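The values are calculated or read from the model by the stated rules, or taken from the named source; none is laboratory data. Quick caveat, the model's predicted, so the values are computed rather than measured. In this analysis, Cβ positions are derived from the backbone assuming ideal geometry, glycine residues included, and neighbour counts consider all displayed protein chains. The accessibility values were calculated without ligands, DNA or RNA, using every heavy atom of the protein model including side chains. Shrake-Rupley method; radii C 1.70, N 1.55, O 1.52, S 1.80 Å.
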Amino acid sequence: MAAMGALDRVEASGAAALAGVRVRAPNGRVIAGDFIAEHGFRGFRDRGLSVRREVLDAILLDAARAAGAHVSEGVRVTALLRDGGRINGVSALTPSGTQEIRAKLVIGADGLRSVVARRLGVARTLRWPKRLALVTHYANVGDVGEHGEMHVERDGYVGIADVGNGLTTVALVVPARRSREISGDRGAFLDAWLRARPHLAPRFAHATRATPVVATGPFASHARRAWAPGVALVGDAADFFDPFTGEGIYAALRGGELLSEWAAESVAARNESGARRALEAYDAARRREFRGKWLVERVIGAVVGAAPLINRAARGLSARKDLADLLIGVTGNFVPPREVISLSYLWGVFGWGVSSRVRSSS
Ligand SMILES: Cc1cc2nc3c(=O)[nH]c(=O)nc-3n(C[C@H](O)[C@H](O)[C@H](O)COP(=O)(O)OP(=O)(O)OC[C@H]3O[C@@H](n4cnc5c(N)ncnc54)[C@H](O)[C@@H]3O)c2cc1C
């Protein structure tokens, strides 16, 4: 983003600067992780930027235009065009009818329900976890500070964060089995969920919704591979697990950065096998870059979905701020995942309750 000149514009847009994250477990314990900590790792910036998608997307689109991209809005890709075994364009619905658009390389950056991934036959929906989200923005939420908040309950979790300009983003994630209740009045469902939590209700007493409540999910989809001859996948189209760790934007941007190098090489290749090798190399680079995070995301997804586990983790992490800071740094993408993928880390988190019980009974 910095290279595109977009970062300065995001900062100038009134984006909130977050200092870390607070995770509240169902037992009321709070895991407090900060971006600046004693572990010695530092991010690109000391604070996380929190901004509305409407603002971020407009800035990114402008940056793409400024870099020479031709942008067509209101166009929906419906199918891939093939020449033998190779993709060489898309069929799309445009305001002036269906059009065939030819390309040397098609990039499927079309999100969680990617048409490109589905038409290629590489999209794989994971069986677990099956969760849905309701997302909106409120004005006048009480006590919103400089930390992102995750409140985990037995029946779901809610993320709350300042997004600047007086607005707070609220994203409620619940098991997909509640889809029928949600499909009625989403706003009423969200308000009732928040009002039913004694620690949240007073903070929303004077809050007003500033944007419509959007429903999304289920998540957890992973393309078997992020390329095929003539096409590459990036962002959620390639993989998205669960919103808890709040890092999909980073993965989409970093994936785009990785792809740019190999896409250029694929397009410039003298022959088909050179073009394929470049895309294979992109896929391998993605795996190297993200596989540690995929593992961490899955462990967090499991812990968050089981109250006894998250309660236990909260006991351990609230007693060991150093471990909480490391975990928040991993989800912030500036601490390497290996720092938390170890038996000693897991023992620090989950073994704490055991050793304190042993001490108290001895
Ligand atoms: C509840 C929730 C909360 C989240 N919170 C955070 C957070 O706090 N921080 C964070 O970093 N990430 C968060 N994420 C994840 C983040 O939103 C995604 O990972 C990120 O948006 C992925 O970017 P993307 O460009 O791959 O896909 P998207 O942002 O989904 O963009 C896909 C684009 O493709 C377009 N498109 C789709 N289909 C077609 C088609 N057929 N033809 C043409 N265009 C098409 C769409 O209109 C859209 O513009 C959250 C996700 C959810 C569900």
Fill in the blank from the handout: Of M4, M150, ordered by accessible area with the largest first and a 1.4 Å probe, the sequence is M4, M150
Problem - Stokes-Einstein D for segment 79-192, Kirkwood Rh over Cα pairs, 25 °C, 0.890 mPa s (µm²/s) - result: 138
Practice task
Answer with one residue from L295, L81, M150: the one whose Cα lies farthest towards the positive end of the charge dipole of the chain, charges on Cβ with Lys, Arg +1 and Asp, Glu -1.
Solution key: L295
Exercise for the section: Order the following by accessible area, largest value first: K321, K293, K104. Probe radius 1.4 Å; ligands, DNA and RNA are ignored. Expected result: K104, K321, K293
Practice task
Between G43, G111, G97, find the one with the highest GNM mean-square fluctuation for the chain; connect C-alpha pairs within less than 10 Å.
Solution key: G97
Problem - the chain - percent of accessible surface contributed by carbon and sulfur, probe 1.4 Å - result: 53
Exercise for the section: Quick one: compute a quarter of the convex hull surface over the Cα atoms of the chain and quote it in nm². Expected result: 20.4
Practice task
Give me the number: length gained by fully extending E181 to R102, i.e. 0.36 nm times residue separation minus the C-alpha to C-alpha distance, one decimal in nm.
Solution key: 24.1 nm
Problem - Phi to ³J(HN,Hα) by Karplus 6.51 cos²θ - 1.76 cosθ + 1.60 over segment 17-26, Hz, x for Gly, Pro - result: 10, 8, 9, x, 9, 10, 10, 9, 7, x
Practice task
Within the set of other residues whose C-beta is less than 15 Å from the C-beta of H147, count the net charge using Lys and Arg as +1 and Asp and Glu as -1.
Solution key: -2
Handout entry: Whole-Hz ³J(HN,Hα) from phi, Karplus 6.51 cos²θ - 1.76 cosθ + 1.60, for segment 36-52, glycine and proline x
Key = 8, 8, 7, 6, x, 7, 10, x, 4, 10, 6, 10, x, 8, 10, 8, 5
Exercise for the section: Report the residue, chosen from H137, H39, H70, that carries the largest GNM mean-square fluctuation when the chain is represented by alpha-carbon nodes joined by springs under 10 Å. Expected result: H70
Practice task
Order S96, S114, S260, most accessible first, counting only protein heavy atoms with a 1.4 angstrom probe.
Solution key: S96, S260, S114
Practice task
Give the accessible surface of the chain per residue, rounded to a whole number of Å², with probe radius 1.4 Å and ligands, DNA and RNA excluded.
Solution key: 50
Fill in the blank from the handout: Among G121, G329, G248, the residue with the largest mean-square fluctuation in a Gaussian network model of the chain built from Cα contacts under 10 Å is G121
Practice task
Add +1 for every Lys or Arg and -1 for every Asp or Glu among the other residues with Cβ under 13 Å from the Cβ of A281, and state the total.
Solution key: +1
Handout entry: Under Karplus coefficients 6.51, -1.76 and 1.60, residue-wise ³J(HN,Hα) of segment 204-213 in Hz, glycine/proline x
Key = 9, 4, 10, 7, 10, 6, 9, 9, x, 7
Problem - segment 147-179-segment 250-272 distance, computed between alpha-carbon centres (Å) - result: 34
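So, counting K/R as plus one and D/E as minus one, what does the shell of residues with Cβ under 14 Å around R291 add up to? Show your work: numbers first, answer last.
Details: positive: R225, R254, R286, R287, R288, K293, R298, R338; negative: D239, D283, E289, E297.
Neighbourhood net charge equals +4.
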Exercise for the section: Give me the compactness ratio for segment 79-122, meaning the Cα radius of gyration over 2.2 N^0.38 Å. Expected result: 1.15
